[in-house]
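Have a look at the structure below before the remarks.
The values are calculated or read from the model by the stated rules, or taken from the named source; none is laboratory data. Since the structure is predicted, the reported quantities are computational estimates derived from the model, not experimental observations. Cβ placement follows ideal geometry from the backbone for every residue including glycine, while neighbour counts extend to all protein chains displayed. Keep in mind that these areas ignore ligands, DNA and RNA; they rest on the heavy atoms of the full protein, side chains included. Shrake-Rupley method; radii C 1.70, N 1.55, O 1.52, S 1.80 Å.
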Amino acid sequence: MKEFYKEDLAFIHDTGHSDFALKSAPGILDILRRNEIRDGLVVDLGCGSGLWAEQLVKASYQVLGIDISEAMIRIARKRAPLAEFRIESLFKADIPPCCAVTSISECFNYLFDSDNDSHTLAQLFGRIYKALAPGGVFVFDIGEPGQVKPGVTAKGFTEGEDWIVMVEKQEERKILTRRIISFRKVGNLYRRETELHRQRLYKSIDVAKELRRAGFRVRVIRSYGRYPLPKAHAAFIARKPA
(Lines give C-alpha, C1' and ligand atoms only; values in the text may rest on other atoms or scores of the structure.)
Protein backbone atom coordinates (compact mmCIF):
# COMPACT_ATOMS: atom_id res chain seq x y z
CA MET A 1 0.00 0.00 0.00
CA LYS A 2 1.36 3.44 -0.91
CA GLU A 3 2.00 5.95 1.84
CA PHE A 4 -0.33 8.95 1.97
CA TYR A 5 -0.15 12.13 4.02
CA LYS A 6 3.56 11.69 4.53
CA GLU A 7 5.54 13.80 7.00
CA ASP A 8 5.50 17.17 5.24
CA LEU A 9 1.92 17.06 3.95
CA ALA A 10 0.72 15.83 7.36
CA PHE A 11 2.47 18.80 8.99
CA ILE A 12 0.99 21.25 6.48
CA HIS A 13 -2.50 19.79 6.77
CA ASP A 14 -2.34 20.02 10.56
CA THR A 15 -0.89 23.52 10.59
CA GLY A 16 -2.73 25.15 7.73
CA HIS A 17 -5.97 23.21 7.28
CA SER A 18 -7.32 22.80 10.80
CA ASP A 19 -10.41 24.98 10.27
CA PHE A 20 -12.72 22.20 9.10
CA ALA A 21 -12.19 19.99 12.15
CA LEU A 22 -12.18 22.80 14.69
CA LYS A 23 -15.19 24.65 13.29
CA SER A 24 -17.15 21.40 12.88
CA ALA A 25 -16.46 20.29 16.45
CA PRO A 26 -19.07 22.40 18.31
CA GLY A 27 -21.85 21.24 15.98
CA ILE A 28 -20.90 17.57 16.26
CA LEU A 29 -20.60 17.76 20.05
CA ASP A 30 -24.10 19.22 20.06
CA ILE A 31 -25.34 16.27 17.97
CA LEU A 32 -23.90 13.84 20.52
CA ARG A 33 -25.47 15.67 23.46
CA ARG A 34 -28.87 15.97 21.78
CA ASN A 35 -28.77 12.19 21.40
CA GLU A 36 -28.03 11.82 25.14
CA ILE A 37 -24.42 10.77 24.51
CA ARG A 38 -22.36 12.68 27.07
CA ASP A 39 -19.61 10.17 27.79
CA GLY A 40 -18.31 6.78 26.67
CA LEU A 41 -16.17 5.67 23.73
CA VAL A 42 -16.21 7.54 20.42
CA VAL A 43 -14.42 5.87 17.49
CA ASP A 44 -13.04 8.40 15.02
CA LEU A 45 -12.35 6.87 11.59
CA GLY A 46 -9.79 8.83 9.57
CA CYS A 47 -8.75 10.78 12.67
CA GLY A 48 -5.90 12.63 10.97
CA SER A 49 -3.74 14.68 13.33
CA GLY A 50 -6.15 14.37 16.25
CA LEU A 51 -7.78 17.81 16.13
CA TRP A 52 -11.28 16.40 16.64
CA ALA A 53 -10.02 13.74 19.06
CA GLU A 54 -8.58 16.49 21.26
CA GLN A 55 -11.97 18.22 21.40
CA LEU A 56 -13.65 14.95 22.35
CA VAL A 57 -11.16 14.33 25.16
CA LYS A 58 -11.75 17.85 26.49
CA ALA A 59 -15.49 17.07 26.50
CA SER A 60 -14.83 13.96 28.68
CA TYR A 61 -15.24 11.25 26.03
CA GLN A 62 -12.96 8.27 25.58
CA VAL A 63 -11.49 8.23 22.07
CA LEU A 64 -10.11 5.65 19.66
CA GLY A 65 -8.70 7.26 16.52
CA ILE A 66 -7.85 5.25 13.41
CA ASP A 67 -5.93 6.55 10.40
CA ILE A 68 -3.84 5.10 7.57
CA SER A 69 -1.15 7.80 7.84
CA GLU A 70 1.69 7.08 10.24
CA ALA A 71 2.77 10.73 10.13
CA MET A 72 -0.72 11.92 11.06
CA ILE A 73 -0.90 9.48 13.96
CA ARG A 74 2.45 10.70 15.33
CA ILE A 75 1.02 14.22 15.51
CA ALA A 76 -2.27 12.97 17.00
CA ARG A 77 -0.53 11.07 19.81
CA LYS A 78 1.32 14.21 20.87
CA ARG A 79 -1.80 16.38 20.63
CA ALA A 80 -4.19 14.07 22.50
CA PRO A 81 -2.13 11.71 24.71
CA LEU A 82 -5.21 10.55 26.62
CA ALA A 83 -6.75 9.11 23.44
CA GLU A 84 -5.82 5.81 21.80
CA PHE A 85 -4.67 5.82 18.19
CA ARG A 86 -4.09 3.04 15.67
CA ILE A 87 -2.46 3.06 12.23
CA GLU A 88 -4.90 1.06 10.12
CA SER A 89 -7.19 1.21 7.13
CA LEU A 90 -10.53 2.54 8.36
CA PHE A 91 -12.24 0.07 6.01
CA LYS A 92 -10.54 -2.94 7.59
CA ALA A 93 -10.11 -1.96 11.24
CA ASP A 94 -11.99 -3.73 14.01
CA ILE A 95 -14.52 -1.37 15.57
CA PRO A 96 -15.07 -2.04 19.28
CA PRO A 97 -18.40 -1.56 21.08
CA CYS A 98 -18.95 2.20 21.37
CA CYS A 99 -21.54 4.92 21.82
CA ALA A 100 -20.64 6.92 18.69
CA VAL A 101 -18.60 6.72 15.49
CA THR A 102 -17.42 9.80 13.60
CA SER A 103 -15.56 10.39 10.36
CA ILE A 104 -14.84 14.01 9.54
CA SER A 105 -13.62 15.58 6.28
CA GLU A 106 -14.77 13.15 3.56
CA CYS A 107 -12.60 10.23 4.74
CA PHE A 108 -14.85 7.60 3.15
CA ASN A 109 -14.26 9.05 -0.31
CA TYR A 110 -10.51 8.42 -0.36
CA LEU A 111 -9.22 5.60 -2.52
CA PHE A 112 -6.14 4.95 -0.38
CA ASP A 113 -7.42 1.35 -0.25
CA SER A 114 -7.74 -0.15 -3.72
CA ASP A 115 -10.78 -2.19 -2.67
CA ASN A 116 -12.73 0.87 -1.50
CA ASP A 117 -16.01 0.93 -3.42
CA SER A 118 -19.73 1.22 -2.70
CA HIS A 119 -19.89 -2.45 -1.65
CA THR A 120 -17.01 -2.05 0.83
CA LEU A 121 -18.63 1.11 2.18
CA ALA A 122 -21.95 -0.67 2.70
CA GLN A 123 -20.14 -3.44 4.58
CA LEU A 124 -18.48 -0.84 6.80
CA PHE A 125 -21.88 0.69 7.59
CA GLY A 126 -23.05 -2.74 8.73
CA ARG A 127 -20.03 -3.22 10.99
CA ILE A 128 -20.50 0.21 12.51
CA TYR A 129 -24.18 -0.53 13.17
CA LYS A 130 -23.24 -3.72 15.03
CA ALA A 131 -20.56 -1.93 17.10
CA LEU A 132 -22.83 0.90 18.24
CA ALA A 133 -24.83 0.65 21.43
CA PRO A 134 -28.62 1.06 21.04
CA GLY A 135 -29.27 4.77 20.62
CA GLY A 136 -25.71 5.32 19.38
CA VAL A 137 -24.96 7.70 16.52
CA PHE A 138 -22.74 7.66 13.46
CA VAL A 139 -21.80 11.14 12.20
CA PHE A 140 -19.79 11.67 9.02
CA ASP A 141 -19.53 13.66 5.80
CA ILE A 142 -18.79 12.86 2.17
CA GLY A 143 -17.84 14.61 -1.04
CA GLU A 144 -20.45 14.51 -3.82
CA PRO A 145 -20.14 14.85 -7.61
CA GLY A 146 -20.03 18.39 -8.95
CA GLN A 147 -16.97 19.82 -7.22
CA VAL A 148 -15.13 20.50 -10.48
CA LYS A 149 -16.73 20.99 -13.90
CA PRO A 150 -16.01 18.21 -16.44
CA GLY A 151 -12.97 18.94 -18.58
CA VAL A 152 -11.71 21.63 -16.20
CA THR A 153 -8.52 21.50 -14.13
CA ALA A 154 -8.98 23.62 -11.01
CA LYS A 155 -5.76 25.02 -9.55
CA GLY A 156 -5.05 26.70 -6.25
CA PHE A 157 -2.45 27.16 -3.55
CA THR A 158 -2.15 28.02 0.12
CA GLU A 159 0.91 29.09 2.06
CA GLY A 160 2.14 29.46 5.60
CA GLU A 161 5.23 30.87 7.24
CA ASP A 162 7.47 27.99 6.24
CA TRP A 163 5.45 26.02 3.67
CA ILE A 164 3.40 26.25 0.50
CA VAL A 165 1.10 23.70 -1.09
CA MET A 166 -0.29 23.69 -4.64
CA VAL A 167 -3.24 21.58 -5.73
CA GLU A 168 -4.65 20.61 -9.14
CA LYS A 169 -8.12 19.03 -9.18
CA GLN A 170 -9.99 17.17 -11.90
CA GLU A 171 -13.30 15.31 -11.76
CA GLU A 172 -14.28 12.59 -14.20
CA ARG A 173 -16.91 9.85 -13.88
CA LYS A 174 -17.42 10.51 -10.17
CA ILE A 175 -13.69 10.29 -9.43
CA LEU A 176 -11.95 13.38 -8.06
CA THR A 177 -8.18 13.47 -8.54
CA ARG A 178 -5.97 15.84 -6.56
CA ARG A 179 -2.31 16.34 -7.48
CA ILE A 180 -0.68 17.92 -4.46
CA ILE A 181 2.79 19.48 -4.52
CA SER A 182 4.13 20.75 -1.21
CA PHE A 183 7.25 22.66 -0.21
CA ARG A 184 8.30 22.79 3.43
CA LYS A 185 11.27 24.73 4.77
CA VAL A 186 13.84 22.51 6.47
CA GLY A 187 16.83 24.51 7.66
CA ASN A 188 17.69 27.00 4.92
CA LEU A 189 16.19 24.93 2.11
CA TYR A 190 12.73 23.82 1.02
CA ARG A 191 11.85 20.14 0.68
CA ARG A 192 9.51 19.15 -2.17
CA GLU A 193 6.94 16.38 -1.91
CA THR A 194 4.25 15.21 -4.34
CA GLU A 195 1.17 13.09 -3.60
CA LEU A 196 -1.72 11.97 -5.80
CA HIS A 197 -5.04 11.56 -3.98
CA ARG A 198 -8.11 10.05 -5.63
CA GLN A 199 -11.64 10.10 -4.25
CA ARG A 200 -14.76 8.23 -5.28
CA LEU A 201 -17.66 10.70 -5.09
CA TYR A 202 -21.07 9.56 -3.83
CA LYS A 203 -24.56 11.03 -4.10
CA SER A 204 -26.05 11.68 -0.67
CA ILE A 205 -29.31 9.94 -1.62
CA ASP A 206 -27.41 6.72 -2.37
CA VAL A 207 -25.43 6.86 0.88
CA ALA A 208 -28.59 7.48 2.90
CA LYS A 209 -30.21 4.47 1.24
CA GLU A 210 -27.31 2.21 2.27
CA LEU A 211 -27.41 3.53 5.82
CA ARG A 212 -31.13 2.75 6.10
CA ARG A 213 -30.51 -0.69 4.65
CA ALA A 214 -28.02 -1.29 7.47
CA GLY A 215 -30.73 -0.37 10.00
CA PHE A 216 -29.99 3.28 10.74
CA ARG A 217 -32.43 6.15 11.01
CA VAL A 218 -30.85 8.82 8.82
CA ARG A 219 -30.83 12.58 8.55
CA VAL A 220 -28.85 14.40 5.84
CA ILE A 221 -27.46 17.82 6.83
CA ARG A 222 -25.47 20.52 5.04
CA SER A 223 -23.72 22.01 8.06
CA TYR A 224 -22.26 21.02 11.40
CA GLY A 225 -24.16 23.42 13.61
CA ARG A 226 -23.41 26.90 12.33
CA TYR A 227 -20.51 25.75 10.18
CA PRO A 228 -21.63 25.17 6.56
CA LEU A 229 -20.10 22.38 4.54
CA PRO A 230 -18.28 23.20 1.29
CA LYS A 231 -19.98 22.96 -2.09
CA ALA A 232 -21.00 19.42 -3.13
CA HIS A 233 -20.63 17.97 0.37
CA ALA A 234 -23.17 16.35 2.66
CA ALA A 235 -23.10 15.13 6.25
CA PHE A 236 -25.16 12.40 7.89
CA ILE A 237 -26.56 11.76 11.33
CA ALA A 238 -27.26 8.02 11.40
CA ARG A 239 -28.83 6.76 14.63
CA LYS A 240 -29.16 3.18 15.77
CA PRO A 241 -32.65 2.74 17.28
CA ALA A 242 -32.69 2.35 21.06
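General remarks:
- Selection within segment 210-242 - out of contact with any Gly (no Cβ under 6 Å at 6 or more places or on another chain) and small (G, A, S): G215, S223, A234, A235, A238
- Filter result for D8 (open to solvent by less than 10 Å² (accessible area, probe 1.4 Å) and either more than 17 Å from the chain's Cα centre (by Cα) or not aliphatic (A, V, I, L, M) (or both)): yes
- Residue ID - most open to solvent (accessible area, probe 1.4 Å), chosen from residues in segment 20-38 that are free of Cβ contacts under 8 Å to residues at least 24 places away in the same chain and more than 16 Å from A235 (Cβ to Cβ): R38
- Residue within segment 102-112 that is in a helix (DSSP H, G or I), touching an Asp or Glu at 6+ places or on another chain (Cβ under 7 Å), crowded, with 18+ Cβ neighbours inside 10 Å and among the aliphatic types (A, V, I, L, M) present: no
- Highlighted here are the strands (runs of 3 or more DSSP E) found entirely within segment 1-100 that include at least 2 residues which are of a type in the set (A, V, I, L, M) and farther than 19 Å from G225 by Cβ: 41-45, 62-67.
- Meets criteria (aliphatic (A, V, I, L, M) and open to solvent by 70 Å² or more (accessible area, probe 1.4 Å)) for L121: no
- Within the option set G156, G160, G136, being of a type in the set (G, A, S) and open to solvent by less than 10 Å² (accessible area, probe 1.4 Å) holds for one residue only, G136.
- Annotation: Y129 fulfils all but one of (1) open to solvent by less than 30 Å² (accessible area, probe 1.4 Å); (2) in contact with a helix residue (DSSP H, G or I) (Cβ under 7 Å, 6 or more places away or on another chain); (3) over 22 Å from E70 (Cα atoms); the unmet one is (1).
- Index of the failed condition, V63 passing every other in (1) open to solvent by less than 20 Å² (accessible area, probe 1.4 Å); (2) more than 17 Å from the chain's Cα centre (by Cα): (2)
- If you filter segment 173-188 down to residues that are modelled with pLDDT of 95 or more and over 19 Å from the mean Cα position of the chain (by Cα), you find that the one that is least open to solvent (accessible area, probe 1.4 Å) is S182.
- Residue match in segment 208-217 (condition: in a strand (DSSP E or B) and closer than 18 Å to A21 by Cβ): no
- Residue pairs whose Cβ atoms lie under 6 Å apart, sitting 6 or more positions apart in sequence or on different chains, and linking a residue in segment 44-67 that is without any contact (Cβ under 8 Å) to a residue 60 or more places away in the chain and on the phi > 0 side of the Ramachandran plot to a partner that is open to solvent by less than 20 Å² (accessible area, probe 1.4 Å) and among the hydrophobic types (A, V, I, L, M, F, W, C), are G48/M72; G50/A76; G50/A80.
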